[in-house]
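Written below as structure tokens is the structure these notes are about.
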Amino acid sequence: MKYKYIKIFKVKGENRYKIWNPVYEQWVAEIRRERMGQWMHWQLFYLDLKVGFTNGCLKEISKFITTLYKK
């Protein structure tokens, strides 16, 4: 799949993906499967943070950011 603002690469031999930002020309995050509570979730990890965001969290964040454009 082709994206407009990022490039996503599968890490060979591992179950994770790295995200490249061509505007800043740097790796910005990775997606990997980690345990959260009793379940395994795909999560987005920013490279400078030790915390991950699940798909549900990202949807809520996106929904909030969308409201900011309406102000």
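Nothing in this text is a laboratory measurement; each read-out follows from the coordinates by a stated rule. A quick note: this is a predicted structure, and the numbers were derived from the prediction, not measured. Quick reminder, even Gly has a Cβ in these numbers, built from the backbone with ideal geometry, and neighbours come from all protein chains shown.
For the listed peptides 29-35, 59-65, a ranking on the average number of other beta carbons within 10 Å per residue, highest first, reads 29-35, 59-65.
Amide H contacts of ARG16 (H built 1.01 Å from N, in plane; Pro and chain starts excluded): VAL11 sit under 5 Å, all sequence-distant by 5 or more or on other chains. What's the long-distance tail for the chain, i.e. % of Cα pairs beyond 20 Å? Summing the P(r) of the chain above 20 Å gives 40 percent of all pairs. Lysine pair count for the chain (Cα-Cα distance under 16 Å; residues 8 or more apart in sequence or on different chains): 7. When the chain is described by a simple charge dipole with +1 on each Lys and Arg Cβ and -1 on each Asp and Glu Cβ, the residue from PRO22, LEU44, TYR69 located farthest towards its positive end is TYR69. The residues VAL23, VAL11, when put in order of fewest to most other Cβ atoms within 10 Å, stand as VAL23, VAL11.
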